[in-house]
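The values are calculated or read from the model by the stated rules, or taken from the named source; none is laboratory data. Predicted model only: the values in this text are computed from it and were never measured. Glycine gets a Cβ as well: all are built from the backbone with ideal geometry, and neighbour counts include every protein chain shown. Please note that ligands, DNA and RNA were not included when accessible areas were found on the heavy atoms of the full protein model with its side chains. Shrake-Rupley method; radii C 1.70, N 1.55, O 1.52, S 1.80 Å.
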Amino acid sequence: MYGGTSYYWRGASTTNYLKFGGYCWRIVRINGDGTIRLIYDGTTCHANGTSTNDSIAVENVVYNSSYNKSEYVGWKYTEGSQRPSNTSSGTDAPIKTTLENWYNSNLASHANKISDGKYCNDRKVAANVTWSSTPNSILYYMGQERLERYKTPSLNCNDINDVYNLKVGLIMADEIAFAGGKYDSENSNYYLYNGKSYWTMSPYHWASVSRYTGVFRTAENGKLIYIGVHGTTGVRPVINLKADIQISGGNGTLENPYIVAD
């Protein structure tokens, strides 16, 4: 999505803590354009594996209260379409509104240091599948094919109209997989594990029997699983710091996190 080479943190990293805007964050990766991708860790920094509600910014929220059509996996969606005609059109999913309200209340005053990051809401369907709004057979999105079937996460996005330029978004399921999360087994030994469940913005499937659509999330045991968009789970905001930000101190550890200069 960014071009160039991205560098990401993996496993039980202990050198990717950063303080910014009054909160602690974990560095997820350095993007190809030099911006720095962060995920919320709380009002204070937490050791790997610490289970605390503080590491969740907003608890128990839905991705979309509407669930009985496959287009409801969209960050923005248009009724009866796989995706809107462009990223400026369509209806905002409730999760988008929830996240932007949190940002406006807590981080908007620091917007001069936050880049318009690129976030992939990958609505391409798996191979040999034709998209429709309410198909009579199960419909998988590419995220399921990459992460569950082939175990091949990717930082690319399949369609330009699934790439949203945002001040705040959610982590991709592929980023969790690169960090150490697995679809088919538990793992508590990676830095994104916090003993809590939280949303990604990666579509998973349309369940034809139950008539609902689902999105990837993490489980309390660290496993990558899915949940219906009408289910409730937590939110960990993701932001991207501009490439020219200055670090005024710290070494990235829990006890001495990097500090972004004012």
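General remarks:
- Applying the condition of being closer than 21 Å to W199 by Cβ and assigned to a helix (DSSP H, G or I) to region 136-156 and asking which residue is most open to solvent (accessible area, probe 1.4 Å) yields E148.
- For region 162-177, the criterion of being touching a Pro at 6+ places or on another chain (Cβ under 6 Å), surrounded by 17 or more Cβ atoms within 10 Å (Cβ to Cβ) and part of a helix (DSSP H, G or I) is met by at least one residue.
- Residue within region 199-209 that is among the β-branched types (V, I, T) and surrounded by 14 or more Cβ atoms within 10 Å (Cβ to Cβ) present: yes
- Odd one out for N64 among (1) within 23 Å of F216 (Cβ to Cβ); (2) open to solvent by 20 Å² or more (accessible area, probe 1.4 Å); (3) assigned to a loop (DSSP other than H, G, I, E, B); (4) touching a helix residue (DSSP H, G or I) at 6+ places or on another chain (Cβ under 9 Å): (2)
- Enumeration of residues in region 50-61 that are in a helix (DSSP H, G or I) and open to solvent by 70 Å² or more (accessible area, probe 1.4 Å): N53
- Subset tally (residues that are in contact with a Gly (Cβ under 7 Å, 6 or more places away or on another chain) and either open to solvent by less than 20 Å² (accessible area, probe 1.4 Å) or within 22 Å of Q82 (Cβ to Cβ) (or both)) for region 100-135: 7
- Condition broken by S188, with the remaining ones in (1) within 21 Å of E59 (Cα to Cα); (2) in contact with a Cys (Cβ under 9 Å, 6 or more places away or on another chain); (3) surrounded by fewer than 21 Cβ atoms within 10 Å (Cβ to Cβ); (4) of a type in the set (S, T, Y) satisfied: (2)
- In a residue-by-residue description of region 81-93, the property of being among the basic types (K, R) and not in a loop (DSSP other than H, G, I, E, B) applies to no position.
- Residues in region 9-25 that are over 17 Å from Y119 (Cβ atoms) and in a strand (DSSP E or B): Y17, L18, K19, F20, Y23, C24.
- Selection within region 26-49: residues that are assigned to a strand (DSSP E or B) and not hydrophobic (A, V, I, L, M, F, W, C). The member of this set that is surrounded by the most Cβ atoms within 10 Å (Cβ to Cβ) is D41.
- Test for A219: is it among the hydrophobic types (A, V, I, L, M, F, W, C), over 18 Å from the mean Cα position of the chain (by Cα) and surrounded by fewer than 22 Cβ atoms within 10 Å (Cβ to Cβ): no
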